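Structure first, then comments.
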Amino acid sequence: MSETTETSERNVRKVREGIVTSDKMDRTAVVTVTERKRHPRYNKTLRLEKKLYVHDEKNDLKTGDRVRVMETRPLSKTKRWRVVEVLERAR
């Protein structure tokens, strides 16, 4: 019985890639994630954009950076994501 409790891991967390659209808040950035999805009936490709509030501990994100974010526990009323890595810096 103790083997099952030791091998059980936490749930798999969602990972998304997006572009920083705002860095005005303290230790928080807004990341826009774009998803392409086909409409079920009309088969047209739609672009769906979601804004995620991301925890940025070091305050080093700038507008235009491409980042990878991961789901985490609630950090505030709206913040549920944290930065994993910066993929590309803004030019």
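The values are calculated or read from the model by the stated rules, or taken from the named source; none is laboratory data. Keep in mind the model is a prediction, meaning the values are calculated, not measured. Glycine also receives a Cβ, built like all others from the backbone with ideal geometry; neighbour counts cover every protein chain displayed.
Among K44, K77, which is out of contact with any strand residue (DSSP E or B) (no Cβ under 8 Å at 6 or more places or on another chain) and not hydrophobic (A, V, I, L, M, F, W, C)?
Numbers: K44 fails: out of contact with any strand residue (DSSP E or B) (no Cβ under 8 Å at 6 or more places or on another chain).
Of K44, K77, the one residue that is out of contact with any strand residue (DSSP E or B) (no Cβ under 8 Å at 6 or more places or on another chain) and not hydrophobic (A, V, I, L, M, F, W, C) is K77.
Going through segment 31-45 one residue at a time, which ones are farther than 21 Å from S76 by Cβ and assigned to a strand (DSSP E or B)? Break it down into steps so the answer makes sense when it comes.
So in segment 31-45, the residues farther than 21 Å from S76 by Cβ come out as 34-45.
T34, E35, R36, K37, R38, T45 - these are the residues of segment 31-45 that are farther than 21 Å from S76 by Cβ and assigned to a strand (DSSP E or B).
Is it fair to say V67 is out of contact with any helix residue (DSSP H, G or I) (no Cβ under 7 Å at 6 or more places or on another chain), surrounded by 12 or more Cβ atoms within 10 Å (Cβ to Cβ) and modelled with pLDDT of 95 or more? Before the answer, list the steps.
Numbers: out of contact with any helix residue (DSSP H, G or I) (no Cβ under 7 Å at 6 or more places or on another chain): yes; surrounded by 12 or more Cβ atoms within 10 Å (Cβ to Cβ): yes; modelled with pLDDT of 95 or more: yes.
It is true that V67 is out of contact with any helix residue (DSSP H, G or I) (no Cβ under 7 Å at 6 or more places or on another chain), surrounded by 12 or more Cβ atoms within 10 Å (Cβ to Cβ) and modelled with pLDDT of 95 or more.
Please count how many residues of segment 14-27 are part of a strand (DSSP E or B) and touching a Leu at 6+ places or on another chain (Cβ under 6 Å). Residues in segment 14-27 being part of a strand (DSSP E or B) and touching a Leu at 6+ places or on another chain (Cβ under 6 Å): 1 in total.
Could you count how many residues in segment 14-27 are closer than 24 Å to R91 by Cβ and exposed (fewer than 10 other Cβ atoms within 10 Å of the Cβ)? Final tally of qualifying residues: 1.
Here is a yes/no grid of residues against (1) assigned to a loop (DSSP other than H, G, I, E, B); (2) farther than 20 Å from R91 by Cα; (3) not polar (S, T, N, Q):
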| residue | (1), (2), (3) |
| --- | --- |
| V12 | yes, yes, yes |
| A29 | no, no, yes |
| R47 | no, yes, yes |
| Y53 | no, yes, yes |
| N59 | yes, no, no |
| K77 | yes, yes, yes |
